[in-house]
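Below is one structure; the comments refer to it alone.
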Amino acid sequence: MTDVAGLRVGHATRRGEGWLTGTTVVLAPEGGAVAAVDVRGGGPGTKETDALDPRNLVRTVEAVVLSGGSAYGLDAASGVMAWLEERGRGVRVGPDPTHVVPVVPAACVFDLGRGGDFRARPDAATGRAAVAAAAASEPGAPVQEGCVGAGTGAAVGALKGGVGTASTVLGSGVTVAALVVANASGSVIDPETGVLYGELFQGRVEYPDPRTHRAARARLAECAERNGPPSLNTTLAVVATDADLSKAQAQKLAGTAHDGIARAVRPVHLLNDGDTVFALATGARPLDAGRPLALNTVLAAGADVVTRAIVRAVRAADPVDGPGGAWPAYEELYGSR
């Protein structure tokens, strides 16, 4: 994600003593980035998404918040708003430079009780810690992946989920990147082979040994029985680019990026899902005016980096076995590539 110049990412992670949750903040350059959103899940937990409609006033935002804690975790956005207000960052609404209202869109995943305490969930202080971590990071610093921030308590079925990120540079020089929180009741694994669905779209695949796959399926079934039915199916993503996009174009990017989720997680976009994709455009690079279809390459890349980011999230995850349940990690079961 931080390969898009000007963007920074910060995590706040809570583990132990009943906690297994956290918050992740994508912080835009000062002055904000053009923002849009596309919600495909039938049961989303979101905040300030209506402001991102291309028909509405707000054009840019200073930050996007992804959080654990289900709807309770949306409180994390209040901490981010307060941090931004203190620095005069937001929509100017009065004559004084301090008269601002930071518009901070947010979305949450369900991880309640996975650490053992149902009431252990992110709040405003968690959001403040995450945005402060983003601001303190070096420009272009690698983003920590796996069981951190909003991915701390994430799970994909009976498998541990987490945070992942990926990027690409197009022939035009435009950068497109994605950060995801993989937390789905749907599966990321082909049940016949054990291959990650998302890797089937990345070229030649190395298939696990059948004996390894059988052992992994048995372990996953055992954990699923212990944990009970999967909770809710939510994959969150922020897709970003340094291309100069309008809000309408950014919304199209958020929409096509959902294809990247559908390649890597099955099923998606059902009634209880909260699948949500935000798009950010910093505007540092103009689209090639001489190529009417230049936007299409950005749209296609957005879906591709989301798929890759989900794969990275699953492969970077660490196993969890605690009072709230047991979720083995993919690489614990199948080994690394």
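Below are the figures for this structure:
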| read-out | value |
| --- | --- |
| Any hit, segment 138-150, residues being under 30 Å from R291 (Cβ atoms) and either part of a strand (DSSP E or B) or among the small types (G, A, S) (or both) | yes |
| Qualifying residues in segment 320-335 (those that are open to solvent by 60 Å² or more (accessible area, probe 1.4 Å) and out of contact with any Phe, Trp or Tyr (no Cβ under 9 Å at 6 or more places or on another chain)) - the one nearest to S172 (Cα to Cα) | E331 |
| Cβ pairs under 7 Å, 6+ apart, first in segment 299-326 and within 14 Å of E199 (Cβ to Cβ), second open to solvent by 50 Å² or more (accessible area, probe 1.4 Å) and assigned to a helix (DSSP H, G or I) | T307/F201; T307/R263; R315/E331 |
| T46 being touching a residue at least 12 places away in the same chain (Cβ under 8 Å), touching a His at 6+ places or on another chain (Cβ under 6 Å) and of a type in the set (V, I, T) | no |
| A248 at pLDDT below 90, out of contact with any Phe, Trp or Tyr (no Cβ under 6 Å at 6 or more places or on another chain), assigned to a helix (DSSP H, G or I) and not polar (S, T, N, Q) | no |
| Qualifying residue in segment 111-125 (condition: within 15 Å of the chain's Cα centre (by Cα) and of a type outside the set (S, T, Y)) | yes |
| Lone qualifier among D259, D288 - being open to solvent by 60 Å² or more (accessible area, probe 1.4 Å), at pLDDT below 95 and among the charged types (D, E, K, R) | D288 |
| Listing of strands (runs of 3 or more DSSP E) fully contained in segment 1-83 that carry 2 or more residues being surrounded by fewer than 22 Cβ atoms within 10 Å (Cβ to Cβ) | 8-16 |
| Matching residues, segment 210-242, being farther than 20 Å from G113 by Cβ, open to solvent by 40 Å² or more (accessible area, probe 1.4 Å) and of a type in the set (S, T, Y) | T212 |
| Of all residues in segment 190-209 being closer than 21 Å to K160 by Cβ and either β-branched (V, I, T) or in contact with a Leu (Cβ under 6 Å, 6 or more places away or on another chain) (or both), the one that is surrounded by the most Cβ atoms within 10 Å (Cβ to Cβ) | V195 |
| Positions within segment 111-144 being touching a Leu at 6+ places or on another chain (Cβ under 7 Å) and either of a type in the set (K, R) or surrounded by 17 or more Cβ atoms within 10 Å (Cβ to Cβ) (or both), in sequence order | D111, R114, G115, R121, V131, A134, V143 |
| Residue match in segment 100-113 (condition: part of a helix (DSSP H, G or I) and either at negative phi or in contact (Cβ under 8 Å) with a residue 60 or more places away in the chain (or both)) | no |
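Table: residues versus (1) open to solvent by 30 Å² or more (accessible area, probe 1.4 Å); (2) modelled with pLDDT of 95 or more; (3) not polar (S, T, N, Q).
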residue: G255; (1), (2), (3): no, yes, yes
residue: N272; (1), (2), (3): yes, no, no
residue: L293; (1), (2), (3): yes, no, yes
residue: V306; (1), (2), (3): no, yes, yes
residue: D318; (1), (2), (3): yes, yes, yes
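The values are calculated or read from the model by the stated rules, or taken from the named source; none is laboratory data. None of these values were measured; they are calculated from a predicted model. All Cβ positions, even for glycine, are placed from backbone atoms using ideal geometry, and neighbour counts span all protein chains on display. Just so you know, the surface numbers come from the protein's heavy atoms only, side chains and all, with ligands and any DNA or RNA stripped out. Shrake-Rupley method; radii C 1.70, N 1.55, O 1.52, S 1.80 Å.
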